[in-house]
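To start, the structure itself, in C-alpha cells.
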Amino acid sequence: MALLNDEIRTNLVEVFGKMKEEVTIAVFTKEDGCETCKDTLDFMKEIEEVGEKIKLEEYDMEKDSKKAEEFNVEMTPSIVLLDSEGKDNGIKFYGIPAGHEINSLITGIIEVSGSGEDVPSALKERIAKIKTPVDIKVFVTLGCPHCPGAVAKAHKLALENPNIRAQMIEAQTFSELSDKYNVSGVPKIIINEDNDLVGNQPIEKFLETIESL
Amino acid sequence: MGFELNFDSSSLKSNTKKIEENVIYDVLIIGAGPAGLNSALYATRNGLNAGLIADKYGGQVLDTSSVENYLGYESIPGEDLVGAFREHVEKYEIPIKKDSRVEKVEKKENRFFLSMSDGTELKSKTLIIATGSKPRKLNVPGEEKFSGKGVAYCAICDGPLFQGRDVVIAGGGNSAVEAAIDIAKIANKVYLVQRSVLRAEQALVDKLETLNNVEIRLGTQVKEIYGEKLVKGIKVYNKVEDKEFDIKADGIFVEIGSVPNSGPFKDLVETLPNGEIVIDCSCNTSVPGLFAAGDVTTVPYKQISISSGEGAKAALSANAYINKLK
Ligand SMILES: Cc1cc2nc3c(=O)[nH]c(=O)nc-3n(C[C@H](O)[C@H](O)[C@H](O)COP(=O)(O)OP(=O)(O)OC[C@H]3O[C@@H](n4cnc5c(N)ncnc54)[C@H](O)[C@@H]3O)c2cc1C
C-alpha cells in the first residue's frame, strides 16, 4: 500500500531538496506481534526514494539488539533519525508517523540535516543551560492537526541539547503505554515520567517545566 | 486506524520571510485564521508593508473535520480549506512569525509596540487583531481536574482515544452535533447532553437521528464531572423532571460555543463584558489605527465566511488609515 501520491511526492522532492547534510532513517521492526511494522517500513522506503540525501537502515529488534540498545529503542515499530555522522540526536518516533505526523517526520528530517529554523537567541541560551537528563514523550493520534507542532518542538529541544531526548508515541499503537500515562487527550507531553502538559504548548512552556525539574 | 497522509505543504515548503524587530510595519496582523489570513492577503495586495503573527497558523478551522457551508465547496476538510488560504497568502511573500503569542500591546505616539512570548518586540503603525476564539468551558466541578484525562475540547484530535468506550458530548450547536456524529462511528455509546434544545442545522440533526448508538438528552445540564485518575462519569440535572442523575462515561467532549481571545488587549481597547472587542461596521475599534476582525469581535455569527470577509474589511480600513497619514 503506497501512502505517497504523486502530488505529495513532487512536494517532498522540493522540500528534501533543501537538506544540507545526509540523514539516515533507522527503522526498527519485529517479525511477530507488530501490526504496523511492515507498513512503517514500507512507508520509510517511500520516503527514502524521494529524498536524495536520505538513507534507510533496517534493523530487527531481536537480531540487532545491540543497535536497539545503542539507540535506546524500546518498542516497535520505531524510527530513529541519525545525522550525517551517524549520530543519534535523541529524535525518535514510536509508531508510524503517517496521517498528520508526516509533517513532524519531515520537519525532523530537515532539522537533523542542518537546515532547520533558528531558535531565538534568548531561548537558545535557556536550552543550553539544561544539564540534567530530560526525556520527553509526546503522545499523538494520527488525526490530530496540532500534534505535529508539539512533536516538532520536543524534537527541536533534543536537537539543541544532548541531555534531552524526545519521542513521538502514537497512542493507539501503544495503547497500554497510553493507559499507563492516562492519555485521553492529545498531544499529551510527559517530561521525565511525572510532569505532564496537554496541548500544543509553546516551547517556553516546555522549558518552564524542564527548568522546574 | 487510517494512515492517510495529511501533508501540510504550505508550511513545509514555504521559505517564508521573517518578521524583523527593527522594522516599523505599516500593519501587523495578529492571528492567522480566516480573518487574519484574508487581512494579510488584502494588506499585501494593497502594497502595505505587512507582517502576520500566528500562534496556531490556520486557526480553528484546523480542528474542523469537514466544512460544508463555505461557498464554492460542497464539503471540504477544514485543513484543506485553510491550506488553500495559506498557500494563496504566501504567494505575496508576507513575513510570518509562527508559534508565538502576543502577550501585550501598547500604543505610544501613533506606534503600536507588541511584546511577544519569545521575548521579541515588534512595532507597527496600525494593528489588526484577528485572534479568534477558544472553546467555552462548562465551569463545573471536575472539568479542570480531568482536562486531558477524559475532558476534551477537540473531537477530531481526541475522538480516536475513545474507541469502544462510552462518551458524552455536551452542547447542542453545529459543532456538538458534528462531534456526536463523528465519535458515534467508533465509540460504543454516545450521549448528547444539551441544556436547552438542539440549535444545529436541520441537515445535521437529521443525520444524527439515524444513528442508533446515540442517545439525545435535552433540557439536561451538566453539574459535575467525576472520576479517579480518569473520568468515570458525569452528574446531570434534568429541568423537566426536576431530577439529578448519573451518566457513566469514559469521556466528555465540551462543545458549547466559544469565548473571544481578547485577553492581551483588554487594557488597550474597549471590550464587552463577554470579552468581544467592540467594532463598528468598518472594523474600527475604540483606538485609532487599531482594527479588529472575526470571532474576537462583536460581529454576530461566528463563521469562516464571515470572519474572512471581516478580515478583508479590516485590511482595507487599515489601508485607508495609512493613506491619510501620508
Ligand atoms: C469544531 C469546529 C467546527 C466549526 N465548523 C465550522 C463550519 O463548518 N463552518 C463555519 O463557517 N465555521 C465553523 N466553525 C467556526 C469557524 O472556525 C470560526 O468562526 C473561524 O475560524 C473564526 O476565524 P478567525 O480568523 O476569527 O479566528 P480563529 O480561526 O480562531 O483564528 C485565530 C488566530 O489567532 C491566533 N491567536 C490567538 N491569540 C493569539 C495571540 N495572543 N498571539 C498570537 N496569535 C494568537 C490563533 O493561533 C489563530 O491563528 C467551527 C469551529 C469549530 C471549533
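Here are the numbers:
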{"quantity": "Alpha carbon centroid spacing (whole Å) that separates the range A:13-55 from the range A:110-142", "calculated": "22"}
{"quantity": "Mean accessible surface per residue for the range B:11-133, computed with a 1.4 Å probe while every protein chain stays in place, in Å²", "calculated": "44"}
{"quantity": "Burial ranking of peptide ranges B:205-217, B:87-99, B:161-173 (average Cβ count within 10 Å, highest at the top)", "calculated": "B:161-173, B:87-99, B:205-217"}
{"quantity": "Estimated D of the range B:137-254 in µm² per second, where Rh is the Kirkwood radius over Cα pairs and Stokes-Einstein applies at 20 °C, 1.002 mPa s", "calculated": "154"}
{"quantity": "Degrees, to the nearest 10: B:78-90 long Cα axis against longest axis of chain B", "calculated": "10"}
{"quantity": "Probe 1.4 Å, protein heavy atoms only - accessible area per residue of the range A:121-211 in square angstrom", "calculated": "36"}
{"quantity": "Given charges at beta-carbon only (K, R positive; D, E negative), |dipole| of the protein assembly as shown in Debye", "calculated": "1960"}
{"quantity": "Cα shape, chain A, gyration tensor, a/c 1.5 rule", "calculated": "rounded"}
{"quantity": "Spatially proximal lysines relative to residue A:30 (Cα-Cα < 18 Å; intrachain offsets below 8 disregarded)", "calculated": "A:38, A:45, A:63, A:66, A:67, A:92"}
{"quantity": "Fraction of accessible area attributable to carbon and sulfur, the protein assembly as shown (%, probe 1.4 Å)", "calculated": "46"}
{"quantity": "Sorted peptide list for B:181-189, A:146-154, criterion being average Cβ within 10 angstrom, highest first", "calculated": "A:146-154, B:181-189"}
{"quantity": "Chain B, helix-only ellipticity at 222 nm - DSSP H runs n ≥ 4, -39,500 (n - 2.57), divided by all residues, nearest 500", "calculated": "-7000 deg cm²/dmol"}
{"quantity": "Amide hydrogen neighbours beyond the local backbone of residue B:256, cut-off 5 Å, H modeled", "calculated": "B:136"}
{"quantity": "For the range B:132-160, residues shielded by at least 20 square angstrom of accessible area compared with the chain on its own, probe 1.4 Å", "calculated": "B:148, B:149, B:156, B:157, B:158, B:160"}
{"quantity": "Accessible area buried, both sides summed, chains A and B with 1.4 Å probe, Å²", "calculated": "3200"}
{"quantity": "Cleavage-rule hits (GluC sites (Glu not before Pro)) in the range A:59-160: DSSP loop, at most 16 neighbouring Cβ within 10 angstrom", "calculated": "A:62, A:74, A:85, A:117"}
{"quantity": "The range B:57-82-the range B:198-265 distance, computed between alpha-carbon centres (Å)", "calculated": "24"}
{"quantity": "Shielding by partners, peptide A:137-146 (average Cβ within 10 angstrom, other chains)", "calculated": "6"}
{"quantity": "Those aspartates and glutamates that a straight Cα-Cα span of less than 16 Å connects to residue A:18, excepting residues fewer than 8 apart in one chain", "calculated": "A:48, A:49, A:52, A:83, A:111, A:117, A:118"}
{"quantity": "Solvent exposure ordering (accessible area, 1.4 Å, most first) of B:192, B:325, B:218", "calculated": "B:325, B:218, B:192"}
{"quantity": "Set A:87/A:153; A:153/B:149; B:239/B:302; A:188/B:149; B:18/B:56 screened for pairs whose C-alpha atoms are more than 18 Å apart", "calculated": "A:87/A:153; A:153/B:149; B:239/B:302"}
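The values are calculated or read from the model by the stated rules, or taken from the named source; none is laboratory data. Because the structure is predicted, anything quoted here is derived from the model rather than measured. Cβ coordinates were reconstructed from backbone atoms using ideal geometry, including for glycine residues, and neighbour counts include every protein chain displayed. Note: accessible area is taken over every heavy atom of the protein model, side chains too, but ligands, DNA and RNA are not part of it. Shrake-Rupley method; radii C 1.70, N 1.55, O 1.52, S 1.80 Å.
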